[in-house]
Structures are given as C-alpha cells and as structure tokens.
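The structure under discussion appears below in the form of structure tokens.
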Amino acid sequence: MRSTTARRIMTAGAAAAAMSLLVAGCSSSSTGGTTSTKPVSASDVSKAMNTPTTLNFWTWLPNVTTEVAMFEKKYPKIKVNVNNVGQGAAQYTKLTNAISAGKGQPDVAQVEYQYLPQFELTKSLLDLSPYGASKLKSSFSPSTWNQVTQGSAVYGIPQDSGPMGDLYRADILKKAGITTPPATWDDFAKDAVTVKAKTGSYLTDLPPNDAGAYIGLLWQAGVKPFEYSGGKNVTVNLDTATAQKVGTYWNDLLQKDLVAVDPNFTTQWYQGLDKGTYASWLTAAWGPVFLQGEAKDTAGLWKAAPLPQYSTTSNVSANLGGSTDAVLNSTKNPIAAYELAKFINTDQQSIETLNTKQSLYPPQTSLLNSASFKAQAAPFYGGQKVNALFADITNTVDPNFEWPPFMAYVYSSFNNTLGKAIADKTDLNAGLSAWQKSIVSYAKGQGFTVKQ
C-alpha cells in the first residue's frame, strides 16, 4: 500500500505545466479514427477479440500482470504490454505529452477519478457507452459510477474506491476513559479535550499537505465545491457558508492545540502512528490495510468506525482516493481496449484478486455485497470485520460530487492557501477564501467561464 501513498502525495504536487497544455489545447490529437458512436454488436466484439492484437496498458498498480494474465487466458489472441511509467502525476504528465505529440499513447491507462475531467476536456478519452459500458452501472457503487460518467458518456471503469471512516486507537481512548468512538463531531471535539488532557495524544492529525483529505471532510459536510459538465463552463464554490462551518470547527480545535498538523505520509507522521501521537486517523477504506503494513507494532490496538456525523440522525460519508481504467480515444483497437478495462474490473476472479492480493478496496457491488468479503475478520483490528463496516459506509457516500478539469492546480494551490493556514494555525476560513480566489483566477486565466 506504500504505492498508494506515494501516488496520493504525487497527486498533490501534480505538474501545472501539463494542465496548461491540456486546457490551452482543448482539442484531441487522436489518431485512432476507429472509435464508434453506435452500439457495438456482439459479432463486432467476437471478431475483435479473435483478431491478433497488442494492447498497451499504462498502470502503476503493482502485479497487475496477474489480472492481465487472466484476460489473456480468456482472449488468447490479445496480448497486453503492461507499462508502469510512474504513479499519478508522473503518469499524467507523460500521458499528456504523448497526447500532445499524437504518438506513444497507451490504449488503456489508469486514471484517478478526479483526473478524468481534464482528459475529457481534450476529448482524449473514449466514450465507452457504445461499447456496452452503460450496462455496467449497477455493477458499481453509485458514488464511483457517477465519477466516471458525464451525461450519457462513460469515461472509465471504476477500479478501486475510498469511502471514508475513522480508524482509532481503542487503547488510547480507553486510557482517557472513552469506551466508544465519537459518533458526532460534537463528541469528537469533547473527546479531543479529554484525550489530550488524560493521555497527551492528539485525537487526530489535520494534514496541511493533503487537499484530498480536506475535500473529503467538505464532501461529508455536504459542500459541492465544483460543478463541471464538459466544455469551458465550470463552477468553483469552495467558500460557502457550510464550508466555513467546517473551517470554523477545525479552527477551534487547532487554536486549542487539540489536533496535530503534521504533514501526512512523512517520517514524523509514520512515527506518530507508531507512537500513539494520534488517537485516530480519518481516512479511506484503503487505510486499514495501509496501516497494518506501516504500523505493525500497534497490531490489535486499532478499531474502525464510521466518520463522526454532524447530527445524531445523519449518516453520511465521502470518498477519498480510488482510480479507474480509461481507454484513450487514440486507440486503434477500441473494442479490445474496452474489453480489457472491463474484464480487469468486473471479472469476479480478477476483482477478488485486486482486493486480496493488491489490497484495493472494491467499488464493485458484487464484492461489496459478498458474504465472504464482509465476513473477513481483520486480526490487526482485533478481529473486527472491517470490510463489512466500509461496505456499509460505501452506501452512505453522496454520489452527486463532481471534479473540475484542473485538479492538479486545485491540489497545488491548497498548499499555499488553506494548507498553509492549517500548518500555521491561522484563520482557516481566510485560507479557504484564498484557495477559492486562487482557483478562480487560475481557471479564468485558462479560458474557463467560472461561476461562483
């Protein structure tokens, strides 16, 4: 799971140069010319899958050759070359350069949900709906499916997801006299006081280098910071009254020194997990496996729970992380490319292997609803059925969430605005306003019509 971490860090620092290229160009350099806007027939698929073909697949997913081998066994006429050209932003930059040059693009590429719109903008992704992707809607959780669609178009097949929950140190809470994790954010604030006073630990860490984590908190609170339906019209609405309530909440905890502000995925942060500096980690469903690999000495001390809620009657979460397999519009083998993306992320044996061998948290409903998947006990969490918990949380993620076509800039500008306010423990809402202004200015500079 270290690779997932690295990917997310690199995402936060993605190259703005690549973004400028994409937005300014605003056109595809596709040389495929064989894509379809009409439904592909079964005979078309049979012919394509029985024609000797070589596909190029860019992905940073480790050991994906296992799932690719399953595909090649089913379709022996199709050979797949797997290339890891870098994780997250590194791949996006190379992908952007290849698209711009009009040569060297893969047929299929791993793309995170929030980065799909920037490639949609340049018409670099193949609409998979004529190839049958629309029929896969019920195969995936609504929150992930909504992120790969734009109107009736489908621009990727969901691969993994990250519904957010609360991983907490039961031993630290017990030492503080707390027997259950905080059910509400009011409880969370009260527990933060108690935990700090009785144990010296921070209840959690609010990382100043992770825009995605903060967006997750906004998402759970009901904030809709972005709207984008293609073209050059975009809504940037980060600095709302609800978003300011979130900022005010965390600002209060920061001013009272009740939560840490360590950059996550750093040496200090890893040590903090081991040493009990933080009594909880508000993170995604990929966090449990990550934690058991990175904080082995704390095995048996952790538990998992849903995120605290804003009221005792609410039950909502957000999604943090996850990726898709998208087909490039330039492919000369669109049917085979789509079938590869579909197979890896819908074939039951393949998706079970993605979960058990590569620790991806599934977006596939067949696995999320599987009794055997939900019954798995996690020794690191004292035998708790963590899969079942996050499967239930998946159903509480608001699916109506959109990303703008310039997420690289959104992430990088966070570090200089709201992230800096977190690190300095200054006014978070002032930082939020600065983040909004920075994004709007950038978007307008790239030629977008921005609604606020």
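The values are calculated or read from the model by the stated rules, or taken from the named source; none is laboratory data. Remember, predicted model here, so these are calculated numbers, not experimental data. We place every Cβ from the backbone using ideal geometry, glycine too, and count neighbours over all the protein chains shown. What goes into the accessible areas is simple: the full protein's heavy atoms, side chains included, and nothing from ligands, DNA or RNA. Shrake-Rupley method; radii C 1.70, N 1.55, O 1.52, S 1.80 Å.
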Report summary line: Gly321 fails exactly one of (1) closer than 26 Å to Asn146 by Cβ; (2) free of Cβ contacts under 8 Å to residues at least 12 places away in the same chain, namely (2)
**Report entry** Meets criteria (under 24 Å from the mean Cα position of the chain (by Cα) and open to solvent by less than 10 Å² (accessible area, probe 1.4 Å)) for Thr204
**Finding:** yes
Report task. From (1) in a helix (DSSP H, G or I); (2) farther than 26 Å from Phe57 by Cα; (3) of a type outside the set (A, V, I, L, M, F, W, C), pick out the condition that doesn't hold for Pro182. Result -> (1)
Requested in this report: Return the only residue of Ser139, Ser134 being crowded, with 16+ Cβ neighbours inside 10 Å, on the phi < 0 side of the Ramachandran plot and within 22 Å of the chain's Cα centre (by Cα).
Outcome: Ser139
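So which residues in the stretch 110-131 are part of a loop (DSSP other than H, G, I, E, B) and open to solvent by 20 Å² or more (accessible area, probe 1.4 Å)?
Listed by number, the residues that qualify are Lys123, Asp127.
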Query raised in the report: Of the residues in the stretch 290-316, how many are in contact with a Phe, Trp or Tyr (Cβ under 8 Å, 6 or more places away or on another chain) and either open to solvent by less than 50 Å² (accessible area, probe 1.4 Å) or under 18 Å from Leu206 (Cβ atoms) (or both)?
Result: 10
**Report entry** the stretch 129-145 residues that are more than 24 Å from Ala42 (Cβ to Cβ), paired with ones that are open to solvent by 20 Å² or more (accessible area, probe 1.4 Å) and in a helix (DSSP H, G or I) (beta carbon under 9 Å, 6 or more apart)
**Finding:** Ser141/Thr365
Query - Residues satisfying the stated conditions in the stretch 88-109, i.e. over 15 Å from Tyr338 (Cα atoms), among the β-branched types (Val, Ile, Thr) and either open to solvent by less than 30 Å² (accessible area, probe 1.4 Å) or over 22 Å from the mean Cα position of the chain (by Cα) (or both) - result: Thr96, Ile99
Query - helices (runs of 4 or more DSSP H) enclosed by the stretch 185-295 - at least 2 residues per element that are farther than 25 Å from Asn387 by Cβ - result: 185-199, 211-221, 241-255, 267-275
Query - Boolean, Pro362 is touching a residue at least 24 places away in the same chain (Cβ under 8 Å), of a type outside the set (S, T, N, Q), touching a helix residue (DSSP H, G or I) at 6+ places or on another chain (Cβ under 6 Å) and under 27 Å from Leu217 (Cβ atoms) - result: yes
**Report entry** Scope the stretch 251-308; condition over 23 Å from the mean Cα position of the chain (by Cα), aliphatic (A, V, I, L, M) and under 18 Å from Ala211 (Cα atoms); matching residues
**Finding:** Leu254, Val259, Ala260
Query raised in the report: Can you find a residue in the stretch 154-162 that is in contact with a Pro (Cβ under 6 Å, 6 or more places away or on another chain) and not in a strand (DSSP E or B)?
Result: yes
Query - Residues of the stretch 40-87 satisfying the condition of being in a loop (DSSP other than H, G, I, E, B) and open to solvent by less than 50 Å² (accessible area, probe 1.4 Å) - result: Val40, Ser41, Thr59, Trp60, Leu61, Val64, Tyr75, Val85, Gly86, Gln87
Requested in this report: Could you look through the stretch 163-179, keep only residues that are under 15 Å from Thr204 (Cα atoms) and in a strand (DSSP E or B), and pick out the one that is nearest to the chain's Cα centre (by Cα)?
Outcome: Met164
Query raised in the report: Looking only at residues in the stretch 219-243 that are buried (at least 21 other Cβ atoms within 10 Å of the Cβ) and hydrophobic (A, V, I, L, M, F, W, C), which one is nearest to Tyr168 (Cα to Cα)?
Result: Trp219
Requested in this report: Taking the residues in the stretch 266-289 that are over 22 Å from Pro363 (Cβ atoms) and aliphatic (A, V, I, L, M) as candidates, determine which candidate is surrounded by the fewest Cβ atoms within 10 Å (Cβ to Cβ).
Outcome: Leu273
Query raised in the report: Quick one: Gly383 ticks every box in (1) out of contact with any Pro (no Cβ under 6 Å at 6 or more places or on another chain); (2) small (Gly, Ala, Ser); (3) within 25 Å of Ala211 (Cα to Cα) bar one, so which box is it?
Result: (3)
Query - Residues being closer than 22 Å to Ala183 by Cα and assigned to a loop (DSSP other than H, G, I, E, B) - total across the stretch 296-310 - result: 5
**Report entry** Matching entry among Gly165, Gly216 (being in contact with a helix residue (DSSP H, G or I) (Cβ under 9 Å, 6 or more places away or on another chain), in contact (Cβ under 8 Å) with a residue 24 or more places away in the chain and of a type outside the set (Ser, Thr, Tyr))
**Finding:** Gly165
